[in-house]
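K.L.:
Have a look at this one before I ask anything.
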Amino acid sequence: GGGAMAEGEGLVSVDYEVSGKVQGVFFRKYTQGEAKRLGLVGWVQNTSHGTVQGQIQGPTARVRELQEWLRKIGSPQSRISRAEFSNEKKIAALEHKDFQILK
């Protein structure tokens, strides 16, 4: 890790919510693992209405990779019916230090 991002490598922030069988299947743990593998920061948490939501921040191309993962893959036991993304915006700097699982 470490080192500055290459100039011109734009950072984005995007919120997400994933519906389906995504609670009780280690979805948050796998999402955190995938985000760390891609070098992204943000958070993930279960909601009271049975979905998983959070925020992703990082280089655009890497964020796209995690979006694709959230849409199609998820954790081995999960069944994703829908992944919605909102509030996408360019950011000058990362607003999180790492990728956390929130209670």
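K.L.:
When you check Lys97 against the structure, is it open to solvent by 70 Å² or more (accessible area, probe 1.4 Å), in contact (Cβ under 8 Å) with a residue 40 or more places away in the chain and part of a loop (DSSP other than H, G, I, E, B), yes or no?
P.N.:
Criteria met by Lys97.
K.L.:
Please go through region 27-39 and give me each residue that is touching a residue at least 24 places away in the same chain (Cβ under 8 Å), of a type outside the set (Lys, Arg) and surrounded by fewer than 22 Cβ atoms within 10 Å (Cβ to Cβ), ordered by number. Please lay out each step first, then the result.
P.N.:
To start, the set of residues in region 27-39 that are touching a residue at least 24 places away in the same chain (Cβ under 8 Å) comprises 27-32, 34-36, 38-39.
Then keep just the ones that are of a type outside the set (Lys, Arg); that gives 27, 30-32, 34-35, 38-39.
Passing the criteria: Tyr30, Gln32, Glu34, Leu38, Gly39.
K.L.:
Would you mind stating whether Ser86 is open to solvent by 20 Å² or more (accessible area, probe 1.4 Å), in a loop (DSSP other than H, G, I, E, B) and hydroxyl-bearing (Ser, Thr, Tyr)? Outline the logic, then answer.
P.N.:
Numbers: open to solvent by 20 Å² or more (accessible area, probe 1.4 Å): yes; in a loop (DSSP other than H, G, I, E, B): no; hydroxyl-bearing (Ser, Thr, Tyr): yes.
So Ser86 fails the test.
K.L.:
Shifting gears a bit: Only residues that are in a helix (DSSP H, G or I) and open to solvent by 10 Å² or more (accessible area, probe 1.4 Å): list them for region 49-66, please.
P.N.:
Step one: of region 49-66, the residues in a helix (DSSP H, G or I) are 60-66.
Once the filter is applied, which keeps residues that are in a helix (DSSP H, G or I) and open to solvent by 10 Å² or more (accessible area, probe 1.4 Å), region 49-66 yields Thr60, Ala61, Arg62, Arg64, Glu65.
The values are calculated or read from the model by the stated rules, or taken from the named source; none is laboratory data. As the structure is a computational prediction, the values presented were derived from the model and not from experiment. Neighbour counts run over all protein chains shown; Cβ positions are idealised from the backbone, glycine included. Note: accessible area is taken over every heavy atom of the protein model, side chains too, but ligands, DNA and RNA are not part of it. Shrake-Rupley method; radii C 1.70, N 1.55, O 1.52, S 1.80 Å.
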